[in-house]
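A quick write-up on the structure given underneath.
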Amino acid sequence: MAITISIPTALRGFVGGQATVEVEAETVDGALETLTTEYSSLAKHLRDESGKLRSFVNVYLNDEDIRFLP
């Protein structure tokens, strides 16, 4: 399924200046994986050395913070 990811202004330089990026994925994790594979320079800003999302990265699914979703 096509997923639209909004890119914050501070990170747009890593995705060619785009405000949004569309990826194909079935899950949030899949979308982030596709995003960071396609734009590899973005990966270090979103994930730490172990591959976990950095604490200051906020991810929302339909206006819901994913940290509070099942």
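The values are calculated or read from the model by the stated rules, or taken from the named source; none is laboratory data. All of these numbers come straight from a predicted model, not from anything done at the bench. Remember, those area values only see protein heavy atoms, side chains included, never the ligands or the DNA or RNA. Shrake-Rupley method; radii C 1.70, N 1.55, O 1.52, S 1.80 Å.
Data table
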| item | result |
| --- | --- |
| Percent RCO, i.e. relative contact order, over the chain, from Cα pairs under 8 Å lying at least 6 residues apart | 21 |
| Two-decimal ratio, the chain, of alpha-carbon radius of gyration to 2.2 N^0.38 Å | 1.05 |
| Gain on full stretching of the segment that runs from residue 65 to residue 2 - 0.36 nm per residue minus C-alpha separation | 20.7 nm |
| Apportionment of accessible area to carbon and sulfur, region 10-70, percent (1.4 Å) | 52 |
